[in-house]
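A.B. asks: This structure is in structure tokens; I'll ask about it shortly.
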Amino acid sequence: MAFTRISRRHLLQGTAAIGAAGAIAGLLPGRPAFAGDVVVGFIYVGSRDDYGYNQAHAQGAAALKKVPGVKVVEEENVPETDAVEKTMESMINLDGATLLFPTSFGYYNPHVLKIAAKDPKVRFEHCGGLWTEKDPKNAASYFGYIDEAQYVAGIVAGHTSKTGKLGFVAAKPIPQVLRNINAYTLGAQTANPKITTQVIFTGDWSMPVKEAEAANSLIDQGVDVITCHVDGPKTVVETAARRGIMVTGYHCDQSVLAPKAYLTGAEWNWEGLYPKFGKMFMAGEPIPNFYRGGLKEGLVKVSAYGPAVGEAARKAADDAKAKLMAGGFAIFKGPMTDNKGKMVIASGQAHGQTDPVLERMDYLVEGVVGSTS
Amino acid sequence: MAVAAAAGTALGWWGVPLGVVAGAVRVSTPFLFVSLGECLTERSGRINLGLEGTLVMGAMTGYGVSYLTGSPWLGVLAAGLVGAVFGATHAAFCSLPRVNDIAIGIALMLFGIGLAFYIGKPLIEPQAAMLPSINLGWWSSVPPLRDALRVNVLFLIGVVLAPALVWGLKNTRWGLILRTAGESADAALALGYSVNLIRLGATMAGGFLAGIGGSFLSLYYPGSWNERLSSGQGITAVALVIFARWDPMLCFWASILFGGAGAFGPALQSVGVTEGYYLFNAAPYILTLLIMIITCSPRRTLTGAPAELSITRS
């Protein structure tokens, strides 16, 4: 644009705007927390009290808040788009955050990677991503083997079911979900080898009406213990309780929603991990960029047993828990066939929890009624 | 509960038709109320796209009032009143000169959703009193059938309301005035009626019904308040009105059809038809497209469309 075309009025407006921006920028450094406090930012994709995925993280944040010298800032309902970059930048620049927990899967690539490259002094701890050597060193990913807790919940479900039919309301057929369905079924089969798990995929992470429909259809088919892998298990838990069947929970403890029908559940244990990460960060100890663990490492846990869990179920579940806590126990071991009759793990072969093959799971084991496509 | 499980009457393939019918009854009510409300509004010559926001506000308000007072019916009433306020806001803005009703509708939709999330934050955890249902399946010994025949009163009200609206629009003075405003604002003016006042009434009534539809979501099925509760049902219901050619009775059948089609996917998966569930889940939308293609023609405008609607007015 030609310089001469700027009118006096525009020039005045422009200078006024620059002046105002400068004045605001001048105020900004007044905002950081008390000197010495480490500011930690938590970003959630949904609501903090959804009885599910986000609540589990928020409980972890609440535990971290209790560590002296830590100040926690949080933001909810941040979509997996550019919006999360703006949130991260505002936490870094306005709140002075030096450690960030963007907790949703879709934040990692490209958003976390982009901001991490831009702010090398800030540490980014992402849940569920796959950190590789190519990614910035100040970014990291952690995740828990929650299928171990699902295996234990499956044992309880298998012992409790009278019809021999379990139900599973799942969002999408991705490896994490399939691994949970399979572990749940394998756990249940230790109690009753003929038991089946009927799966319904709803197609998305949070569709309350469809989840209720799915639960009702399963119950109509004679399913008497149900569980789910969706972001907010509230609908499935409440529907099960209303229809008078049993339920095992997911993500966090939902027993208050269904005190009688809640058997147990597979929970994240971020309350254990986040204070630990926070302390390591403040002490300047290196946190591994790729962090994984299960029951033994305390990243996941099993809900307290409900009143409907029988003696035999308790004992079998406790035994399995002890084996998993001791380490070396493989849930996925051969010979194992999928539900189409194909051999997926050869006889004599066993996949330990850390085996990356399991993070690429694309089959449903024998006993699961459902299909991955 | 153990008795029901032990009886364990697995329905097998009968579960599919039962699931679809039961799903139609369970899922259709919000569609029904929103589409009946929108039908009234559009027949007066205005489109209110904001009903998605009204639905979510209604769901939140109904849940909150039911939780605080312990009476779900008060919740339903409060949801309706909030809906009417939203309708009045829409009508007030649209009565200003050169204001586009579609743009205002979108603004109110976003406002309603945002406001409901903001106020509704503390309501996610507590459990409110639920609406009762009428048990029409007492004669059956099959638990799934008994459960399918558990019908909510709001659904029954909707069943009565649809033909009542058809009759009212056709045979009453009010209906005639409403239709006049929708077909020709000039004619209504010539008869000495205020078009804006008529449309205010119609939009408020539409908002009232949409609010009640929302309270059904939070107080009966799925029966809890959370932020993804509606997942677009309000907008779908607005589209249903066009699909139903602005006829309340057809709105009823369209809502039933959508409810049933939505239950088709889960019901098929539960009997073991597991291939291609994405396709079955898309059934309602495929159905809409098909009917739209079959019934539309380039040679004429949509039959039944009120002439004053901004989409049909040239």
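No value in this document is a laboratory result; all are computed from the given coordinates. The structure displayed is predicted, hence computed values, not measured ones. Cβ atoms come from the backbone with ideal geometry, glycine included; neighbour counts cover every protein chain shown.
A.B. asks: Where does chain B land on Rg/Rh, using Cα atoms and the Kirkwood Rh?
C.D. replies: Rg divided by Rh gives 1.00.
A.B. asks: So how many Å³ per residue does the convex hull of the Cα atoms of segment B:1-122 work out to?
C.D. replies: With only Cα atoms used, segment B:1-122 gives 150 Å³ per residue.
A.B. asks: Order these by the 10 Å Cβ neighbour count, fewest first: A:Glu238, A:Glu211.
C.D. replies: A:Glu238, A:Glu211
A.B. asks: Also: If you wrap a convex hull around the C-alpha atoms of chain A and split its volume per residue, what is the figure in Å³? Let's see the in-between values first.
C.D. replies: On the way: hull volume 67.3 nm³, N = 373.
It comes to 180 Å³ per residue, whole-number rounded.
A.B. asks: Which angle between 0 and 90 degrees, to the nearest 10, do you get for helix A:147-160 versus the longest principal axis of chain A when only C-alpha atoms count?
C.D. replies: For A:147-160 against chain A, the angle is about 40 degrees.
A.B. asks: Treat the count of other C-beta atoms within 10 Å as a stand-in for reagent exposure and order B:Val153, A:Val369, A:Val38 from fewest to most.
C.D. replies: Least crowded to most crowded, the residues run B:Val153, A:Val38, A:Val369.
A.B. asks: Also, quick follow-up: Can you compute the helix-only [θ] at 222 nm over chain B? Use -39500 (n - 2.57) per DSSP H run of at least 4 residues, normalise by all residues, nearest 500 deg cm²/dmol.
C.D. replies: Details: 14 runs with 216 residues, N = 314.
Per the formula, -22500 deg cm²/dmol.
A.B. asks: Determine the sum of side-chain charges near B:Ala244: Lys and Arg each +1, Asp and Glu each -1, restricted to other residues whose C-beta is under 11 angstrom from that of B:Ala244.
C.D. replies: -2
A.B. asks: Let me ask another. Work through the residues other than A:Arg179 whose Cβ is under 15 Å from its Cβ and net out their charges, Lys, Arg +1 and Asp, Glu -1.
C.D. replies: Net local charge, A:Arg179 excluded: -2.
A.B. asks: As I understand it, the value is the acute angle between the Cα axis of helix B:72-94 and the longest principal axis of the Cα atoms of chain B; what does it come to in degrees, rounded to 10?
C.D. replies: That works out to roughly 30 degrees.
A.B. asks: Which value in nm describes the separation of the simple spin-label points at A:Ala322 and B:Trp253, placed 7 Å from the Cα toward the beta carbon?
C.D. replies: Placing both labels 7 Å beyond Cα along the Cβ direction yields 6.6 nm.
A.B. asks: Let me check I've understood the local charge: for A:Glu75, count other residues with C-beta under 14 angstrom from its C-beta, Lys and Arg +1, Asp and Glu -1. What total comes out?
C.D. replies: After counting each charged neighbour, the total is -3.
A.B. asks: Another one. Can you tell me the Rg and the Dmax, both Å, for the Cα atoms in segment B:48-194?
C.D. replies: Every Cα atom of segment B:48-194 included, Rg and Dmax give 19.7, 62 Å.
A.B. asks: 222 nm [θ] for chain A, helices only, -39500 (n - 2.57) per DSSP H run of 4+, per residue, to 500?
C.D. replies: Values: 10 runs with 132 residues, N = 373.
The helix-only estimate for chain A comes to -11500 deg cm²/dmol at 222 nm.
A.B. asks: I need the Debye-formula profile for the protein assembly as shown: one equal scatterer per C-alpha, no solvent, reported as log10 I(q)/I(0) at q = 0.08, 0.11, 0.12 1/Å, two decimals.
C.D. replies: -0.70, -1.16, -1.28
A.B. asks: Still on this structure, I have one more. Among A:Lys279, A:Lys234, A:Lys321, which comes first, second and so on when ranked by fewest other beta-carbon atoms within 10 Å?
C.D. replies: Ranked by crowding around the Cβ, least crowded first: A:Lys279, A:Lys321, A:Lys234.
A.B. asks: Ok, one more. Taking the Kirkwood radius as the inverse of the mean 1/r across Cα pairs, report the Rg/Rh of segment A:36-144.
C.D. replies: 0.93
A.B. asks: Once the dipole of the protein assembly as shown is set up with Lys and Arg at +1 and Asp and Glu at -1 on Cβ about the Cα centre, which of A:Met325, B:Phe155, A:Ala140 lies farthest towards its positive end?
C.D. replies: B:Phe155
A.B. asks: Now, a different point. Taking the highest mean first, how do the peptides A:220-228, A:42-50, B:90-98 order by number of other beta carbon atoms within 10 angstrom per residue?
C.D. replies: Ranking the peptides A:220-228, A:42-50, B:90-98 by packing returns A:220-228, A:42-50, B:90-98.
A.B. asks: By a straight-distance test (C-alpha under 27 Å), which lysines pair with A:Lys321 as possible cross-link partners, with residues fewer than eight away in the same chain excluded?
C.D. replies: The reachable lysines, counting only those whose Cα sits under 27 Å from A:Lys321, are A:Lys162, A:Lys165, A:Lys194, A:Lys234, A:Lys260, A:Lys276, A:Lys296, A:Lys301, A:Lys333.
A.B. asks: Next up: Enter the angle in degrees (range 0 to 90, nearest 10) between the Cα long axis of helix A:8-27 and the first principal axis of the Cα atoms of chain A, meaning the one along which they spread out most.
C.D. replies: Compared with the principal axis, the helix lies near 60 degrees.
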